[in-house]
């Protein structure tokens, strides 16, 4: 229950502030750059970690949780509860955003002659789930971008929190640097895929959009792109990062070089 509560609250906060910033950008044009939205996501991650890391270690992301299980840092028996809590937290956050901005969404749709559920309504559906259908962005490229972005995220989470890395920040500052990591990765990947990096963050709010009238427009294409790009790719990227850290980076951090031995 403690872990479930932590993951639910943390994912709720993360998605509320993150997707909320996207909604504000779409509906009111209040953000002028990807960097500003990325900073909102980074602050959301930072605050969510500070709120919940004593409850559940603040994974807040199925890709991170699965990576922790694969690397032996979390018992597999906890996996279902963590995943369910993350998905539920993201769904509730998506629902809160819809209820908060529903009148504004209707005004925006009327002003731009958008019929909810039509192809044009993707412009508002992206407040909830991500979309990669842009000039020059194919599904394989989108899959690669999401996997690579999540690889960087998970590897840097290990680097910022594992005791074997003497260059890591203090425990009190680690959430700040993880938030900045998310900001940096979003700035890199968002022009291609909106930078999901988190299956719960994508799927929970996307289901809200699907229920609330966007229907099939809530999904990026008819060939399963939502699953391959925003669910599977981040999980694969996270698992690869965990294995890379465990079998390549961590052993070399723990191994003393001849120079180190001479210094000692």
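The values are calculated or read from the model by the stated rules, or taken from the named source; none is laboratory data. Keep in mind that this is a model prediction, so the values were computed, not measured. Here Cβ is always computed from backbone atoms with ideal geometry, including for glycine, and neighbour counts include all displayed protein chains.
Could you check residue 174 against (1) on the phi < 0 side of the Ramachandran plot; (2) surrounded by 22 or more Cβ atoms within 10 Å (Cβ to Cβ) and say which number it fails?
Unmet for residue 174, out of (1) on the phi < 0 side of the Ramachandran plot; (2) surrounded by 22 or more Cβ atoms within 10 Å (Cβ to Cβ): (2).
Residue check, residue 31 against (1) more than 26 Å from residue 239 (Cα to Cα); (2) surrounded by 20 or more Cβ atoms within 10 Å (Cβ to Cβ), all met but one. Which one?
It fails just one condition, (2).
Does residue 53 qualify as being more than 27 Å from residue 31 (Cα to Cα) and out of contact with any helix residue (DSSP H, G or I) (no Cβ under 8 Å at 6 or more places or on another chain)?
Values: more than 27 Å from residue 31 (Cα to Cα): yes; out of contact with any helix residue (DSSP H, G or I) (no Cβ under 8 Å at 6 or more places or on another chain): no.
Against the criterion (more than 27 Å from residue 31 (Cα to Cα) and out of contact with any helix residue (DSSP H, G or I) (no Cβ under 8 Å at 6 or more places or on another chain)), residue 53 does not qualify.
Among the residues of region 1-24 satisfying the criterion of being more than 18 Å from residue 200 (Cα to Cα) and modelled with pLDDT under 95, which is surrounded by the fewest Cβ atoms within 10 Å (Cβ to Cβ)?
1
Taking the stated definitions as given, is residue 59 under 13 Å from the mean Cα position of the chain (by Cα) and in contact (Cβ under 8 Å) with a residue 40 or more places away in the chain? Explain how you work it out, then say what you get.
On the way: under 13 Å from the mean Cα position of the chain (by Cα): yes; in contact (Cβ under 8 Å) with a residue 40 or more places away in the chain: yes.
Yes.
State the number of residues belonging to region 75-103 that are free of Cβ contacts under 8 Å to residues at least 40 places away in the same chain and under 19 Å from residue 6 (Cβ atoms).
5
Here's a check for you: in region 93-110, which residue that is under 24 Å from the mean Cα position of the chain (by Cα) and surrounded by fewer than 19 Cβ atoms within 10 Å (Cβ to Cβ) is nearest to residue 206 (Cα to Cα)?
Across region 93-110, the extreme among qualifying residues is 95.
May I ask you to verify whether residue 128 is closer than 25 Å to residue 16 by Cα and modelled with pLDDT of 95 or more? It would help to see each step written out before you state the result.
Numbers: closer than 25 Å to residue 16 by Cα: yes; modelled with pLDDT of 95 or more: yes.
Spelling it out, residue 128 is indeed closer than 25 Å to residue 16 by Cα and modelled with pLDDT of 95 or more.
Any residue in region 5-15 that is touching a residue at least 24 places away in the same chain (Cβ under 8 Å), assigned to a helix (DSSP H, G or I) and either touching a strand residue (DSSP E or B) at 6+ places or on another chain (Cβ under 7 Å) or closer than 21 Å to residue 122 by Cα (or both)?
Scanning region 5-15 turns up at least one residue that is touching a residue at least 24 places away in the same chain (Cβ under 8 Å), assigned to a helix (DSSP H, G or I) and either touching a strand residue (DSSP E or B) at 6+ places or on another chain (Cβ under 7 Å) or closer than 21 Å to residue 122 by Cα (or both).
I'm trying to understand the selection: among the residues of region 205-249, which are surrounded by 18 or more Cβ atoms within 10 Å (Cβ to Cβ), farther than 18 Å from residue 147 by Cβ and in contact (Cβ under 8 Å) with a residue 12 or more places away in the chain?
Hits for region 205-249 are 205, 206, 207, 208, 209, 212, 214, 217, 218, 219.
With the condition kept exactly as written, say whether any residue in region 150-159 is closer than 30 Å to residue 215 by Cβ, modelled with pLDDT of 95 or more, in a helix (DSSP H, G or I) and in contact with a helix residue (DSSP H, G or I) (Cβ under 8 Å, 6 or more places away or on another chain).
Keep residues of region 150-159 that are closer than 30 Å to residue 215 by Cβ, which gives 150.
Still in the running and modelled with pLDDT of 95 or more: 150.
Of the ones still in play, those that are also in a helix (DSSP H, G or I) are 150.
Keeping just the survivors that are in contact with a helix residue (DSSP H, G or I) (Cβ under 8 Å, 6 or more places away or on another chain) gives 150.
Scanning region 150-159 turns up at least one residue that is closer than 30 Å to residue 215 by Cβ, modelled with pLDDT of 95 or more, in a helix (DSSP H, G or I) and in contact with a helix residue (DSSP H, G or I) (Cβ under 8 Å, 6 or more places away or on another chain).
With the checklist (1) assigned to a helix (DSSP H, G or I); (2) in contact with a helix residue (DSSP H, G or I) (Cβ under 7 Å, 6 or more places away or on another chain); (3) at pLDDT 95 or above in hand, flag the one item residue 60 doesn't pass.
The failed condition is (1).
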